[in-house]
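The values are calculated or read from the model by the stated rules, or taken from the named source; none is laboratory data. Small disclaimer: the values here were computed from a predicted structure and weren't measured. Glycine also receives a Cβ, built like all others from the backbone with ideal geometry; neighbour counts cover every protein chain displayed. Accessible surface is based on the protein model in full, side chains and every heavy atom, while ligands, DNA and RNA are left aside. Shrake-Rupley method; radii C 1.70, N 1.55, O 1.52, S 1.80 Å.
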Amino acid sequence: MNVYADNAATTRMSQAAVDAMLPFLRESYGNPSSLYTLGQKAAESLQASRETMAKYLGCDAREITFTSGGSEADNQALLTAATLGARKGKKHIISTAFEHHAILHSLKRLEKQGFEVTLLDVHENGLVTAQQVADAIREDTCLVTVMYANNEIGTIQPIKQIAELAHSVGAKFHTDAVQAVGHMHIDVQEMGIDMLSLSGHKFRGPRGTGVLYVKKGITLEPLVYGGGQERGLVSGTENTAGFIGLAAAMQDACEHLDEKMGYVKKLTDKLVKGIMENIPYSHYTGDPVNRLPGTASFVFEAIEGEGLILRLDNAGVCGSTGSACSTGSLDPSHVLMAIGLPHEIAHGSLRLTLGEQNTEEDVDYIIETVTDVVKTLRSMSPVWENGKPNLTAATELHAH
């Protein structure tokens with residue numbers, strides 16, 4: 001049996017997205033910047049896709065800028081806010097310790113350019129509070145950037161309250177909503193969001209497509225200069241078919257969203273219950289209630305996450321240890337370290353993320369398989385003795 005349970009890493013494209021894209025890969029392949037009919041048809045379809053994205057984000061189509069994905073959108077948002085802030089002599093930025101690396105690495109670059117960055121600690125349940133932001137915010141704060149929902153543990157942050165605090169000192173508020181869009185209702189105006197990043201392949205759209213929502217009145221700083229596409233903000237010939245597929249996936253995800261996510265949450269609750277009841281010395285990470293419907297994140301004492309993933313793969317189960325963007329690293333997840341897990345325990349992490357295509361049979365198989373694999377790995381572990389972990393041995397092992 002094969003079960004895909006890594007939807008936070010990427011998703012299989014929906015049939016709606018594939019069907020929408022095909023004509024623009026074959027017949028209607030014109031360059032949207034061209035004046036002849038073939039190009040103008042592409043331009044009209046691109047505009048229709050922009051309007052679709054705007055509809056489901058609660059904004060105007062002119063506030064939608066297409067990008068190559070979430071990382072590009074994050075980079076452009078931070079560059080823009082920093083540039084605007086510097087012009088006013090405001091060079092302080094607030095973020096969190098468990099942001100995606102597209103944010104954290106961009107912040108390091110800005111620090112080298114003279115900006116001061118405050119990274120807020122994360123509570124053990126994976127939440128950042130509005131009070132933490134209130135305590136950190138200053139008159140010279142130009143940007144507050146906090147992810148909507150964490151990419152590893154799925155916790156949903158108090159975005160509206162944080163945005164209000166940012167605005168109280170004239171700062172911009174940006175959120176990396178890559179994991180949230182397509183899985184929960186988001187209205188950028190109601191939430192007070194100035195800039196928002198999203199990525200198509202997280203909700204069954206094509207890879208290499210994304211959006212940066214930018215509130216009217218904010219002038220974006222370009223990352224790439226060239227032909228002036230996307231109103232001069234993202235140069236390069238538009239990925240017409242990709243953006244049309246992105247919009248189709250967005251519409252498909254958001255229609256009957258509550259029903260779909262209710263089903264996914266039911267599966268995930270069953271998965272969490274089964275894992276926690278069957279495997280001793282296991283820990284659920286993140287908030288068990290205030291989380292994305294399909295995210296289940298665990299750590300198991302006395303095992304290594306890499307070995308767990310490989311054995312699960314051999315058994316036909318696709319999961320991940322931490323973020324897919326950092327799987328090649330031997331270091332434990334920065335997210336799990338940020339919520340206070342010891343180094344030796346954080347190594348034994350497993351993230352399972354379900355989607356609407358998963359079934360109860362899938363969940364039963366995952367529970368059975370993870371239980372068997374953890375038991376096998378522990379039987380071979382040098383830090384597992386007499387049915388329980390030897391934390392002293394584990395600490396000494398990782399120290400070397």
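Below, the figures for the structure above:
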read-out: Highest-MSF residue in the chain out of Gly69, Gly316, Gly154 [GNM, Cα springs under 10 Å]; value: Gly316
read-out: Mean Cα-pair separation over length for region 126-202, i.e. relative contact order, pairs under 8 Å, 6 or more apart, %; value: 31 percent
read-out: Accessible surface of region 205-288, 1.4 Å probe, proportion on carbon and sulfur as whole %; value: 53 percent
read-out: Most mobile listed residue (Val373, Val289, Val122) in the chain, GNM with C-alpha springs under 10 Å; value: Val289
read-out: Label-point separation, Met1 to Met380 (7 Å along Cα→Cβ), nm; value: 2.3 nm
read-out: Leu35 paired with Lys216, simple spin-label distance in nm, labels 7 Å along Cα-to-beta-carbon; value: 3.0 nm
read-out: Per DSSP, loop GluC sites (Glu not before Pro) in region 15-122 with at most 11 further Cβ within 10 Å; value: Glu27
read-out: Mean separation of Cα contacts under 8 Å (6+ apart) over length of the chain, as relative contact order %; value: 21 percent
read-out: Three-way shape label, the chain, alpha-carbon gyration tensor, a/c 1.5; value: oblate
read-out: Angle in degrees between helix 101-112 and the longest Cα principal axis of the chain, rounded to the nearest 10; value: 70 degrees
read-out: Region 193-262: trypsin sites (Lys or Arg not before Pro) in DSSP loop, at most 11 other beta carbons within 10 Å; value: Lys216, Arg231
read-out: Karplus 3J(HN,Hα) series, Hz, for region 84-89 with 6.51 cos²θ - 1.76 cosθ + 1.60 (x for Gly, Pro); value: 5, x, 4, 5, 9, x
read-out: Estimated FRET transfer efficiency when R0 is 41 angstrom, pair Glu44-Asp269 (beta carbons, to 0.05); value: 0.40
read-out: Percent accessible area from carbon and sulfur atoms, region 1-156, protein chains only, probe 1.4 Å; value: 51 percent
read-out: Qualifying chymotrypsin sites (Phe, Trp or Tyr not before Pro) for region 160-249 [loop in DSSP, other Cβ within 10 Å: at most 11]; value: Tyr225
read-out: Mean accessible surface per residue for the chain, computed with a 1.4 Å probe while every protein chain stays in place, in Å²; value: 43 Å²
read-out: Fully extended contour minus Cα-Cα distance, from Asp60 to Glu111, at 0.36 nm per residue; value: 15.0 nm
read-out: Cα long-axis angle, helix 360-380 against the chain (0 to 90 degrees, to the nearest 10); value: 50 degrees
read-out: Cα long-axis angle, helix 240-254 against the chain (0 to 90 degrees, to the nearest 10); value: 60 degrees
read-out: At R0 = 41 Å, FRET efficiency that the Cβ-Cβ distance of Val224 and Asp187 yields, to 0.05; value: 0.85
